[in-house]
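The values are calculated or read from the model by the stated rules, or taken from the named source; none is laboratory data. All of these numbers come straight from a predicted model, not from anything done at the bench. Ideal geometry is used to build each Cβ from the backbone, glycine not excepted, and the neighbour counts take in all protein chains shown. Please note that ligands, DNA and RNA were not included when accessible areas were found on the heavy atoms of the full protein model with its side chains. Shrake-Rupley method; radii C 1.70, N 1.55, O 1.52, S 1.80 Å.
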Amino acid sequence: MKTKSGFIYEILPMTKIDIPYVKGIEQEAKLSAWSHEDYADATIDKDTLCLVARGVTCKEVVGFAVAKILPGTENSNHGEAEIHNIGVTKNFRRKGIGQKLIRVLRRHFLTRNVGSVWLEVRESSLDSIKFYRSLSFETAYKRPDFYSHPTESAIVMRQAIVKNKKACQHN
């Protein structure tokens, strides 16, 4: 894949070697902190998809996403998944990398019979809310005092995963 500025990257499964870079992105983006062990465990969990966006030439990790298929929902036609964390380094934001990460997650979810994807976002993170809405996420409800450091409500958002080809083309 290539950004508008010509940076060539690929979306790959996250490995343990990527975790320090993911932690750096997590801190820079002020995301909820996971431990190194949390990410390591996620990379080997069969129901969790951990991805990185890595430069083809420089091998720099510039983005990541972690999502999980919720237990007990996979074998129905209405399975559910949750995006736990997604982040892109400051210098590579607004270049389509976050969108591509979500599109790859979405394609994976389709293969696992997921019908809807959920996520939480800080109420004050207006740019993130706008980003998710541009990808067809809708506000489901508000979860008061969900976040700490600082205490803040979460906006819970949901996206329906549509299996027909026409609906997937614009995603």
Let me make sure I get this right: for region 78-171, a, b and c are the square roots of the gyration tensor eigenvalues over alpha carbons, sorted descending. Under 1.5 in a/c it's rounded, otherwise prolate if a/b > b/c, else oblate. Which is it? oblate
When ligands, DNA and RNA are left out and all protein chains stay put, how many square angstrom of accessible area per residue does region 1-123 have with a 1.4 Å probe? 51
Relative contact order of region 1-160: what whole-number percent is it, with Cα pairs under 8 angstrom and at least 6 residues apart? 18
Between Gln27 and Glu82, what is the spin-label point distance in nm, taking each point 7 Å from the Cα along the Cα→C-beta axis? 2.6
Over the alpha-carbon set of the chain, divide Rg by the Kirkwood Rh and report the Rg/Rh ratio to two decimals. 0.94
Could you sort out which of Lys2/Lys59; Lys59/Lys90; Lys2/Lys130 sit more than 21 Å apart by Cα distance in this structure? Lys2/Lys130
The long-range amide H neighbours of Gly115, using H built 1.01 Å from N in the peptide plane and a cut-off of under 5 Å, are Gly79, Glu80
Cα-based Rg / Dmax (Å) for region 1-88: 14.0, 42
Per Stokes-Einstein, at 10 °C and 1.306 mPa s, what whole-number D in µm² s⁻¹ belongs to region 84-133, with the Kirkwood radius over Cα pairs as the hydrodynamic radius? 130
Once all protein chains are kept in place, Phe137 shows an accessible area at probe 1.4 Å, nearest 10 Å², of 10
Using a simple spin-label model with points 7 Å from Cα along the Cα→Cβ vector, what separation in nm is obtained for Lys68 and Thr151? 2.6
Running a GNM on the chain with Cα contacts under 10 Å, which residue among Leu101, Leu126, Leu49 ends up with the highest mean-square fluctuation? Leu126
Computed lengthening from Ala40 to Thr139, 0.36 nm per intervening residue step minus Cα-Cα distance: 32.6 nm
Going from the alpha-carbon gyration tensor of region 53-124, what semi-axes, largest first and in whole Å, does one get by taking the root of 5 times each eigenvalue? 26, 15, 9
Under the 7 Å Cα-to-Cβ spin-label approximation, Asn113 and Glu60 lie apart by a distance in nanometres of 4.3
